[in-house]
Amino acid sequence: MSEPNRNTSDTPDTGTRATSAVLNLSGLPGLGEEDARARLQQEGPNELPAQKKRSVWSIGFNVAREPMFLMLVAAGSLYLLMGEPADALMLLGFVFVVMAITIIQERRTERALEALRDLSSPRALVIRDGVHRRIAGREVVRGDLVVLSEGDRVPADGLLRRAINLSSDESLLTGESVPVRKVPSVDVLALDKPGGDDLPSVFSGTLVTAGQGIAEIAATGLRSELGKIGKALEQVEPEPTLLQKETGRLVRTFAIVGLMACALVVVAFAFTRGGGASVWKQGFLAGIAMAMAMLPEEFPVVLTVFLALGAWRISRSHVLTRRMPAIETLGAATVLCVDKTGTLTQNQMTLRQLAVSDSAFDLATLRGALPEDLHSLLEHAILASKRDPFDPMERALHEAGDRQIKDTEHLHPGWSLAREYPLTPGLLAVSHAWCLGNGDEVVVASKGAPEAIADLCHLTPAQYESLSRDVATLASKGLRVLGVARGVTRMGSLPEEHHDLSLQFVGLLGFEDPLRPTVPAAVAECQAAGVRVVMITGDYPATAQSIARQAGLANCETVISGPELDRMSDEDLARRIRDVQVFARVVPEQKLRIVTALKANKEVVAMTGDGVNDAPALKAAHIGIAMGGRGTDVARESAALVLLDDDFSSIVAAIRLGRRIFDNIKKAIAFILAVHVPIAGLSMLPVFFADWPLLLLPVHIVFLELIIDPSCSLIFEAEDAEANVMHRPPRRTDERLFSTRTIGIAVMQGVSVLVVCLGVFLLARADHSTDAARALTFATLVVASVVIILVNRSWTRSVFAMLRVPNAALRFVVLGASVFLAVVLVVPFAQRLFHFAPLHATDLVLSLGAGLVCVLWFELVKLAGWHERVDA
């Protein structure tokens with residue numbers, strides 16, 4: 001079926017919309033662009049106030065309540081009590097640095113979410129300067145003429161100037177779920193109250209449930225009824241995901257263990273060193289350091305930043321994320337169900353062939369004038385279309401008419417429409433009855449699905465069989481086929497029922513909708529990634545097979561049609577669907593059965609849709625994907641993702657990004673776990689040996705946090721996808737972010753660093769002072785932390801190969817860590833603050849070298865193919 005207005009589901013083709021009559025769109029210039037811009041500037045955007053932006057002070061206040069901040073303040077207070085103001089001031093300085101990093105991360109996340117809210121603004125079709133334009137709902141201004149169709153959300157309060165059978169659901173404002181009828185008026189100037197039938201007023205946020213209309217906007221934003229009663233429009237909000245819940249549980253577990261370890265460290269330190277006030281103070285410092293080392297407060301930050309920025313990155317690929325869990329699910333998708341029209345194809349219809357009797361003419365190769373016996377076919381096809389069409393097929397008919405029969409008697413601008421018989425689910429055709437203006441004679445023109453036209457013309461079985469052969473011939477060329485019929489009657493003889501018209505069959509029309517050039521490569525990428533592409537269309541099986549072959553779909557020979565689908569049981573469908581990738585002559589209501597059958601086979605289903613009737617299937621799918629350019633607002637509200645450019649390759653790009661985001665989260669989590677193991681070990685172990693000094697104090701851990709925080713939230717988030725990201729099967733739905741294998745590798749990395757640091761400490765302690773041994777151990781730990789970042793940037797490529805891959809955040813972190821480490825090791829004042837002593841160059845080189853090599857064994861693991869087992 002063609003795509004009337006915005007409801008463009010691949011349902012059986014008729015070239016018109018099921019619920020539409022002929023809405024006259026001519027003679028309506030609308031506002032001028034200059035006037036619209038001036039009103040937008042003067043009256044503001046058409047939106048209600050979103051959530052109030054958090055100020056820097058508000059974010060700072062939230063940071064001040066974080067456990068890490070409170071522990072820093074506690075440590076600083078202890079230093080003051082111990083008479084060490086320099087240490088206290090330094091910790092306070094670090095507090096402000098940590099706060100600044102957190103504020104930057106929060107603001108970056110909020111800006112990404114604000115960008116998504118702007119994208120999620122409902123779209124509106126307006127008439128400006130006589131041209132139809134689709135704009136963001138927030139750009140609608142008072143005086144705009146807005147075209148409304150079934151499934152649309154009304155963008156602002158307005159008065160209907162033209163309408164056909166329009167009804168709207170105003171339950172958002174009135175609480176009444178029954179749709180109300182609307183009637184147009186050219187004279188009414190004031191808005192009515194919501195509710196009540198046969199009024200011309202339509203209201204912002206309400207849903208058009210039937211019909212079409214043109215409304216003149218009278219109130220926008222806070223001046224609308226929705227604004228007056230203070231109801232907020234739905235917006236994209238960050239919502240807790242399964243990953244965030246899993247992470248929250250893990251953080252709470254670590255927090256409890258950390259507090260227990262803190263108490264153990266305080267008590268153990270005091271008992272192993274004989275007690276005393278100063279010892280207990282030192283013990284409390286050791287306990288605070290232990291708690292800081294055990295608390296992985298970066299986990300929630302990682303997920304918040306990665307999911308928000310991931311949604312923003314996906315939006316740059318023309319896919320809007322309405323629900324954050326979809327980002328997690330994208331990497332697990334195993335089946336991608338797509339409409340043919342406008343998603344795989346360009347939705348740019350061209351009239352390619354005309355067929356009458358047993359002859360077909362290709363307009364692409366036609367030389368000279370159109371044969372006379374084809375004039376009637378094109379004439380009646382245009383008469384069965386709207387005069388000012390929005391539908392791609394009807395536009396193609398008018399364009400062909402302008403080229404082929406413009407200067408003939410076969411175009412009739414002076415005729416007036418007497419009656420329209422709209423398309424219904426039971427009869428997929430539309431008929432227009434035209435008054436000639438010279439009496440009561442009426443010409444009837446019909447177009448629609450060939451079988452519907454055959455039914456209207458009451459063809460004999462032999463004639464129907466011949467027609468079916470002609471249709472199959474055109475469909476096998478990948479063309480979308482419509483039938484055309486005509487009739488002549490009197491005004492008083494027009495029947496009430498569509499089926500009672502007396503018509504003669506005229507011929508067939510073949511429309512070409514070219515495949516998008518990017519589709520074959522995108523389909524091949526899906527197949528390499530283990531994602532099965534299933535095409536669902538309302539076209540004939542032969543047409544569907546032709547397009548499927550062009551797109552590169554596998555197993556194109558097997559097709560399930562809509563009628564076959566109706567005859568199948570759910571069990572039969574679930575069994576057959578395992579090997580089928582093409583569904584033809586499918587209506588939107590049947591998509592839900594397809595989704596259900598795929599889910600019964602344990603598939604993770606992504607489904608595209610654009611019409612009102614697609615909403616149940618979009619909600620049922622694991623990932624509902626609505627068409628942003630031509631889909632209805634109802635479809636978009638039911639979907640988790642919105643495809644802004646309606647292009648299939650954008651869906652594939654989103655799957656690639658979804659896998660990348662999940663991979664990078666795993667890398668960041670592995671880094672956080674790995675780096676906390678040696679910090680916790682070096683904080684706790686000295687407590688149990690009376691002759692060991694404390695190796696890590698709160699100031700050291702804060703220094704390390706300045707490396708860890710930007711690394712996990714900036715470096716890993718910005719990493720490109722692995723080379724094999726689309727050459728491996730989808731991840732299992734039961735695969736946990738904190739899998740045993742991932743945690744095991746992270747802990748092994750951390751233990752390796754801990755063992756090397758302890759070795760450096762024990763060797764240095766034999767020949768150096770306590771402060772010198774602490775400095776060498778700390779230098780080894782810092783360098784090893786940077787190396788953990790480098791080896792975890794990619795789980796498929798070596799660290800040396802990744803050094804050639806640019807990452808601006810990595811350069812910033814490595815340079816900053818190097819400069820700070822050099823300062824605390826070399827500058828005397830900094831040495832005293834960190835309780836370090838001057839070092840010999842040879843010792844420093846050895847400690848730095850130990851930090852460099854302690855986790856390079858992971859490169860051998862990469863070569864052995866561990867990553868393939870993890871990601872499989």
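The values are calculated or read from the model by the stated rules, or taken from the named source; none is laboratory data. Note that this is a predicted model, so its numbers are computed, not measured. Reconstructed Cβ throughout: ideal geometry from the backbone, glycine too, with neighbour counts over all protein chains shown. We work out accessible area using only protein heavy atoms, side chains counted, and drop any ligands, DNA or RNA first. Shrake-Rupley method; radii C 1.70, N 1.55, O 1.52, S 1.80 Å.
Looking at (1) open to solvent by 60 Å² or more (accessible area, probe 1.4 Å); (2) modelled with pLDDT under 75, which one does His318 not meet, given that it meets all the others?
(2)
Return a yes/no flag: does segment 806-819 have any residue that is farther than 30 Å from Thr740 by Cβ, in a helix (DSSP H, G or I), of a type outside the set (S, T, N, Q) and open to solvent by less than 20 Å² (accessible area, probe 1.4 Å).
yes
List the number of the failed condition for Ala784; all other conditions in (1) assigned to a loop (DSSP other than H, G, I, E, B); (2) of a type outside the set (D, E, K, R); (3) in contact (Cβ under 8 Å) with a residue 12 or more places away in the chain hold.
Of the numbered conditions (1) assigned to a loop (DSSP other than H, G, I, E, B); (2) of a type outside the set (D, E, K, R); (3) in contact (Cβ under 8 Å) with a residue 12 or more places away in the chain, the odd one out for Ala784 is (1).
Tell me, which residue of segment 137-151 that is farther than 18 Å from Asp35 by Cβ and at pLDDT 85 or above is surrounded by the most Cβ atoms within 10 Å (Cβ to Cβ)?
Filtering first and then ranking leaves Leu148.
Has segment 576-592 got at least one residue that is over 19 Å from Asn555 (Cα atoms), part of a loop (DSSP other than H, G, I, E, B) and within 17 Å of the chain's Cα centre (by Cα)?
The answer is no; no qualifying residue exists.
Is there any pair with a first residue in segment 513-524 that is closer than 19 Å to Ser317 by Cα and a second that is at pLDDT below 90 and aromatic (Phe, Trp, Tyr) whose Cβ atoms are under 8 Å apart and which are 6 or more apart or on different chains, and what are they?
Arg516/Phe648; Thr518/Phe648; Val519/Phe648; Ala522/Phe648; Val523/Phe648
Considering only segment 548-564, state which residues are in contact with a helix residue (DSSP H, G or I) (Cβ under 8 Å, 6 or more places away or on another chain), outside any loop (DSSP other than H, G, I, E, B) and either within 11 Å of Val534 (Cβ to Cβ) or of a type in the set (Phe, Trp, Tyr) (or both).
Ile560
Tell me, please, whether a residue that is at pLDDT 90 or above and among the β-branched types (Val, Ile, Thr) can be found in segment 418-438.
yes
So, in segment 793-805, how many residues would count as being open to solvent by less than 20 Å² (accessible area, probe 1.4 Å) and either without any contact (Cβ under 8 Å) to a residue 60 or more places away in the chain or touching a Leu at 6+ places or on another chain (Cβ under 9 Å) (or both)?
Within segment 793-805, residues that are open to solvent by less than 20 Å² (accessible area, probe 1.4 Å) and either without any contact (Cβ under 8 Å) to a residue 60 or more places away in the chain or touching a Leu at 6+ places or on another chain (Cβ under 9 Å) (or both) number 3.
For segment 338-347, what are the residues that are under 9 Å from Asp513 (Cα atoms) and out of contact with any Pro (no Cβ under 7 Å at 6 or more places or on another chain)?
Thr341, Gly342
Out of (1) surrounded by fewer than 21 Cβ atoms within 10 Å (Cβ to Cβ); (2) on the phi > 0 side of the Ramachandran plot, the odd one out for Lys406 is which?
Against the list (1) surrounded by fewer than 21 Cβ atoms within 10 Å (Cβ to Cβ); (2) on the phi > 0 side of the Ramachandran plot, Lys406 comes up short only on (2).
Looking at segment 120-128, can you tell me whether even one residue there is in a helix (DSSP H, G or I) and either under 26 Å from Thr321 (Cα atoms) or at pLDDT below 65 (or both)?
No: segment 120-128 contains no residue that is in a helix (DSSP H, G or I) and either under 26 Å from Thr321 (Cα atoms) or at pLDDT below 65 (or both).
Taking only pairs six or more apart or across chains, which ones have beta-carbon atoms under 9 Å, a first residue in segment 823-844 that is touching a residue at least 40 places away in the same chain (Cβ under 8 Å), and a second residue that is surrounded by 13 or more Cβ atoms within 10 Å (Cβ to Cβ) and hydroxyl-bearing (Ser, Thr, Tyr)?
His835/Thr770; Ala837/Ser769; Ala837/Thr770; Leu839/Ser847
Looking at segment 478-492 only, could you name the residues that are of a type outside the set (D, E, K, R) and modelled with pLDDT of 90 or more?
Correct list: Val481, Leu482, Gly483, Val484, Ala485, Gly487, Val488, Thr489.
Could you please find all residues in segment 760-770 being part of a helix (DSSP H, G or I) and open to solvent by 30 Å² or more (accessible area, probe 1.4 Å)?
Leu762, Leu763, Arg765, Ala766, Asp767, Thr770
Can you run down the residue pairs with Cβ atoms below 6 Å, 6 or more apart or on separate chains, where the first is in segment 661-684 and within 15 Å of Met748 (Cβ to Cβ) and the partner is hydroxyl-bearing (Ser, Thr, Tyr) and at pLDDT 85 or above?
Listed pairs, sorted by first residue: Val675/Ser785.
Restricting the search to segment 637-683, which residues are among the β-branched types (Val, Ile, Thr) and farther than 15 Å from Leu330 by Cβ?
Ile669, Ile672, Val675, Val677, Ile679
Is there a residue in segment 226-243 that is more than 30 Å from Leu682 (Cα to Cα), at pLDDT below 70 and among the hydroxyl-bearing types (Ser, Thr, Tyr)?
yes
Within segment 166-175, can one find any residue that is at pLDDT 85 or above and among the hydroxyl-bearing types (Ser, Thr, Tyr)?
Yes - at least one qualifying residue is present in segment 166-175.
Can you pull out the residues in segment 725-758 that are within 22 Å of Glu328 (Cα to Cα) and surrounded by fewer than 16 Cβ atoms within 10 Å (Cβ to Cβ)?
Residues satisfying the conditions are His727, Pro729, Arg732, Thr733, Asp734, Arg736, Ser739, Thr740, Arg741.
I'm trying to understand the selection: among the residues of segment 684-704, which are open to solvent by less than 10 Å² (accessible area, probe 1.4 Å) and part of a helix (DSSP H, G or I)?
Of everything in segment 684-704, those that are open to solvent by less than 10 Å² (accessible area, probe 1.4 Å) and part of a helix (DSSP H, G or I) turn out to be Pro686, Val687, Pro698, Val699, His700, Ile701, Val702, Phe703, Leu704.
Looking only at segment 630-649, filter to residues that are outside any loop (DSSP other than H, G, I, E, B) and open to solvent by 10 Å² or more (accessible area, probe 1.4 Å); which one of those is modelled with the lowest pLDDT?
That would be Val634.
Scan segment 611-629 and report the pairs whose first residue is in a loop (DSSP other than H, G, I, E, B) and whose second residue is modelled with pLDDT of 85 or more, with Cβ atoms within less than 6 Å and a gap of 6+ or a chain change.
Here the result reads Ala621/Val595; Ala621/Val605; Ala621/Met607; His622/Val604; His622/Val605, each pair linking segment 611-629 to a residue that is modelled with pLDDT of 85 or more.
Do we find that Leu354 is open to solvent by less than 20 Å² (accessible area, probe 1.4 Å), under 24 Å from Pro450 (Cα atoms), over 39 Å from the mean Cα position of the chain (by Cα) and at pLDDT 80 or above in this structure?
For Leu354, the condition - open to solvent by less than 20 Å² (accessible area, probe 1.4 Å), under 24 Å from Pro450 (Cα atoms), over 39 Å from the mean Cα position of the chain (by Cα) and at pLDDT 80 or above - is met.
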